[in-house]
Structures are given as C-alpha cells and as structure tokens.
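A quick write-up on the structure given underneath.
Only the coordinates and a few stated rules stand behind these numbers; no lab work does. Note that this is a predicted model, so its numbers are computed, not measured. All Cβ positions, glycine included, derive from the backbone under ideal geometry; neighbour counts span all protein chains shown.
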Amino acid sequence: MLELGLVGVGVMGLRYVKAASTDPNAHMAALCDLNAAAAKDVAASYGVPAAYDSVETMLDKTELDAVIIATPDFAHRGPACLCLEAGLDVLCEKPLSTSVEEASEVVRTVERTGRKLMVNFGNRHRLSVQRMERMVRAGALGDIRYAYMCLNEKAVKTATLPWADRTSPLWFLLSHVTDFLTWIIDQRVVRVYAANGKIGTSPDMVTTAALLTFENGATATLESTWNTPEHYPRDIDLRLALQGSKGAVDLDMGQQGLVLAEETRSGAIQWDMTEDQTDPDDWWNRSCHYFTRCLANGMTPAPDAVSGLRTTMVLAALQHSLDTEQAVDVAALFPEASELAYSAMDRA
Ligand SMILES: NC(=O)c1ccc[n+]([C@@H]2O[C@H](COP(=O)([O-])OP(=O)(O)OC[C@H]3O[C@@H](n4cnc5c(N)ncnc54)[C@H](O)[C@@H]3O)[C@@H](O)[C@H]2O)c1
C-alpha cells in the first residue's frame, strides 16, 4: 500500500481525499494546507491520520511514498520540488506551472532525483476521450490535419475560485485542451497566435481564441470562456473535433454525442456518452487510481513533467501573443526550455 500525502485541501484536494478512500493501492496518510484549520477539519472529517500547516512539516513528520499537489495554478513548483527532493513521487494538478522557468525547474528536479511526476490532466481519463484517443491511434482518421477544440464554463464558476484574479480561461481551461491536443497529435507546436474578447476587467468576462501551427503543418483553433450563460444545460462545455486525411471525429460533451466519419463509412454515427453524464466523478477517480496503479507496478504515469513543460510552453507563448498582439514562434521565445522539452524527441 502506498502512503500518500496531500498538499492543499480546497475543491480539488477534497476530491483527492475521496478518491484515495476507494483506491486499492493507496492510503491517504497525511495532508497539509497553509490554512491549518481547514487541514484539521478535512483530516477529521475523512479519517486522515495527520494534518499539518506546511509541506515541510508534513515531509518531516510522516513517512510517505508519494504526494499529491492540489494548490492553485501558480503554486505548484514549490511543493512539487520539495517532495521530489525528499525522494517522493508526485501527482501535480494541472497545469504543471504558469511559468516556463518554473516548469523547467520541475523537469530538472525530476531528472536529478529520478522520481516520477505526473501532471493530472484528468479529462484524459473520461471514457469517451479515451475511446477517441484509441480510435485516432488505430489510424481511423489518417494523418490529423486540423483540430477545433473548446472548453467553456459558466461565469459563476469564478465566484467559487478564491484566486480567480490570478488565472484566466487560458491557464485554467485551455490548459486541458492544449494537453489533449499535444497528446493526440504528438507533434511540436511551432507557432501560436491568440486574441482575447473582453468585457470589463473580471477574468470571467474574458473569451480567448487561439490558433496553433504544428511542425508538420497541422493547425488547431482553440476557444475558451467563462461566459457560458447560467442556464446552459451543462456546467462544462467541452468539444474536441479532429479532421484527418481519412476521417473526422467530433466529441461534444454539451450534446453528449460523438460523430465519426471514417473512410469506409458513408455516414456519420452517433455515440452515446451517458457513462460520463451519469457518474461525473468516475473519470476523476480513474485518473487518481491510474497514478497509484502505475507506481505500484513500477510504471511511469503520463503525462510526465516533460509533457507538462511542453503544455506550459504553448500556454505561455499564447499568453505572450495576447500581451503583444503578435504571432509567436514558440522555440524562439523559449530556446532553453525547448531544448529541455524536446531533446529526447530530437535525438530519436
Ligand atoms: N476547481 C476546479 O474546478 C478545478 C478543476 C480541475 C483542476 N483544478 C486545479 O486544481 C488545483 C487546485 O485548485 P482548487 O480549485 O482546488 O483551489 P482551492 O483554492 O480550492 O484550493 C487550494 C488550496 O491550496 C492551499 N495552498 C496554497 N498554497 C499552499 C502551499 N504552499 N502549501 C499548502 N497549501 C497551500 C490553499 O490554502 C487552498 O486551501 C489548481 O491547479 C486548479 O487548476 C481545479
């Protein structure tokens, strides 16, 4: 049984405590939060044996095998590096970091310590997304030439996020589709351009549109907003559409359907995705249990730190494009990080 620690007992931290309670490979042994009272409350409510007010104290006082980091987007590097240096494996919430320098530091720490770090882009564990991935890997679409993806949430979501003014649809939401896109297309993003539609100053009043070009010439259009109307039928509006040389696939969480056009079929088929609808926590538990199962079996869970750095580089380049209103060459903007993120791919 793996002894787990948790850093951060907010919205996602609670989900990790619950996921650990049904994990056959792990036991939540300790948790910590800068808010010591919150840490104690959660530990008492869910039977976690130890609660602390800092990562350092938790590492000092409790023997652990791995730690889950569920702090805000901008506060992942510090706890992640401390845990890696302490010889522990890490499951880090998405995105790995909002800074390319910090994400690079995490990658170097992983390399130096030889520990494992998985970035939890939980949407990879939705059954419908996994089916779509298998379909693409099996060659049903041929070479991917174009992708359209969006992830939107309701404006009210930001009211429950205490650090909403320190994130944006780009970092909070588009990080998911950027991870999915680079996972499925498996090509380097070379050039990006992004623009914001903006009403007022609140982060929930921003809509981001982005254009990405891959090294093989494939392109993608991504969109994200926290402006979905309150009475929209789904809290999460996620659409992943891919067009290839042989076929196309369009997964729409909003419509709960998937349309597939293959080379050998004249029409499109409708794919029911009720499993995601009826038990929204299932995909979440799967992502947590996948991490501990990999560790228990000596496997390296994905996406790893290098993958997390690649996603952060794309997002930071998009942020630079928003700031400068210019198209951005990703490798030219981040030469050292590009070397770190792609050296293995370049050598292959
Ligand atoms: N809220 C969501 O819907 C959602 C969904 C998917 C992923 N995530 C990701 O999960 C992460 C956490 O988000 P959240 O919504 O749970 O945030 P949250 O604000 O609810 O919780 C974060 C917790 O971390 C604690 N914390 C901050 N710095 C700390 C430190 N150095 N040491 C110990 N504790 C610290 C805070 O006190 C707080 O209790 C983010 O990276 C976010 O992008 C959130």
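Residue order for Glu111, Glu63, Glu93, fewest other beta carbons within 10 angstrom first, comes to Glu63, Glu111, Glu93. Compared with the rule-of-thumb size 2.2 N^0.38 Å for a compact globular protein, the range 195-245 has a Cα radius of gyration ratio of 1.44. Charges were assigned to the Cβ only: +1 to each Lys and Arg, -1 to each Asp and Glu. The resulting dipole of the chain about its Cα centre is roughly 520 debye.
Each distinct pair of alpha carbons in the range 131-260 adds a 1/r term; the inverse of their mean, the Kirkwood radius, is 15.4 Å.
Karplus-derived 3J(HN,Hα) values for the range 320-333, using 6.51 cos²θ - 1.76 cosθ + 1.60 with θ = phi - 60°, are 4, 5, 4, 5, 9, 6, 10, 5, 10, 8, 4, 5, 5, 6 Hz; glycine and proline are entered as x. Taking packing as the residue-averaged number of other Cβ atoms within 10 angstrom, the listed peptides 74-80, 136-142, 168-174 run from highest to lowest as 168-174, 74-80, 136-142. Across the chain, the mean sequence separation of Cα contacts (distance under 8 Å, 6 or more residues apart), normalised by length, yields a relative contact order of 18 percent. Fewest neighbouring Cβ atoms within 10 Å first, the residues Ser99, Ser245 line up as Ser245, Ser99.
For the residue pairs Lys116/Lys198; Lys18/Lys157; Lys198/Lys246; Lys61/Lys94; Lys40/Lys198, alpha carbon separations beyond 30 Å are given by Lys116/Lys198; Lys198/Lys246; Lys40/Lys198. Taking the average, over residues, of other Cβ atoms within 10 Å as the packing measure, peptides 282-289, 177-184 rank 177-184, 282-289 from highest down.
Enclosing the Cα atoms of the chain in their convex hull gives a volume equal to 142 cubic angstrom per residue.
Using only side-chain charges placed at the Cβ, +1 for Lys and Arg and -1 for Asp and Glu, the dipole size of the range 281-348 relative to its Cα centre rounds to 380 debye. With the convex hull constructed from alpha-carbon coordinates only, the range 1-65 shows a mean projected area of 3.7 nm² over all directions.
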